[in-house]
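Undergrad: Could you have a look at this structure, given as structure tokens, before my questions?
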Amino acid sequence: MTAPPPPAPTSPATLARLLHACLGLSAGALTALAWFFRGRLALPAESGGAVTFAAYALAASGLLAGLAFRRLIPERSSSQGIDAWWRQHLPKAVAVWAIGEGTVLIGALVLAVGGQPTAAFAVILAGFGVLMATAPGRLAP
């Protein structure tokens, strides 16, 4: 008996779509969990303004950092295959996606700890904005 052939490696484009979907789903799940725990972890009353300011600063910096790093990923040329393009640029894309997910997670933390939904959702939307702007279909159409 001969051994079965090894499974074919997963396409880098498929791997990119899978990674992006998992990061988006985990960020959404943690946001829902933070919504459930919102305001239950009380902060001192005098720290509310500082948390709000920090949340808006994090929203702006996360959005700007994600979109700035997005510019480091070049467009795919028509002569380059999609798998070859993803093989070369997947690490950069994952780094940008990590910035987006990290921004969402910080917003979820602000929501759970501070209980300030307006500031928290500004941060969460900025993070999801980075994830949506750098979706695999937009990076390598």
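Undergrad: For a bin width of 5 Å, list the pair-distance distribution of the range 81-141 built from all Cα-Cα distances, rounded to whole %.
TA: Bin by bin from 0 Å, the calculated values are 4, 20, 23, 17, 13, 10, 7, 4, 2, 0.
Undergrad: Return the long-range amide H neighbours of ALA135 (sequence gap of 5 or more, or a different chain), with a cut-off of under 5 Å between placed amide H atoms.
TA: none
Undergrad: So for the pair SER79, CYS22, with labels modelled 7 Å out along Cα→Cβ, what separation do we get in nm?
TA: Result for the modelled spin labels: 3.5 nm.
Undergrad: Taking a ≥ b ≥ c as the square roots of the Cα gyration tensor eigenvalues, with a/c under 1.5 meaning rounded and otherwise prolate when a/b beats b/c, else oblate, which class fits the chain?
TA: Oblate is the answer for the chain, as a/c is 1.5 or above yet b/c matches or exceeds a/b.
Read-outs throughout are calculated quantities, based only on the coordinates presented, and are distinct from any laboratory measurement. Note that this is a predicted model, so its numbers are computed, not measured. All Cβ positions, glycine included, derive from the backbone under ideal geometry; neighbour counts span all protein chains shown.
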